[in-house]
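K.L.:
Structure provided below as structure tokens; questions to follow.
Every read-out reported here was derived from the displayed coordinates using simple, explicitly stated rules and does not represent laboratory data. Please read all numbers here as calculations on a predicted model, not as lab measurements. Ideal geometry is used to build each Cβ from the backbone, glycine not excepted, and the neighbour counts take in all protein chains shown.
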Amino acid sequence: MPNYKELYFKLFRASEDALNLLIAAQQECEEFYLASDEPELAVAKPSNEKKSVEEG
């Protein structure tokens, strides 16, 4: 008969390792983002769109 307690702990440790790996990757990406320069922002000119006007 399988040792279910041991199997449970094995799966629990593996899921904890996977979660820690994802957290580390997210933190690394956040640090990379915060260390990068901010993009230069520009105001876009409005296009010549047709405006829908209801006539009464």
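K.L.:
Report, to the nearest 10°, how far helix 4-35 tilts away from the longest principal axis of the Cα atoms in the chain, using its own Cα long axis and a range of 0 to 90°.
P.N.:
30 degrees
K.L.:
Also, I was wondering about something else. Quick one: net charge around Asn3, please, counting Lys, Arg +1 and Asp, Glu -1 for every other residue with C-beta under 15 Å from its C-beta.
P.N.:
+2
K.L.:
Rank the residues Asp17, Asp37 as a footprinting-exposure proxy: fewest other Cβ atoms within 10 Å of their Cβ go first.
P.N.:
By the 10 Å Cβ count, ascending: Asp37, Asp17.
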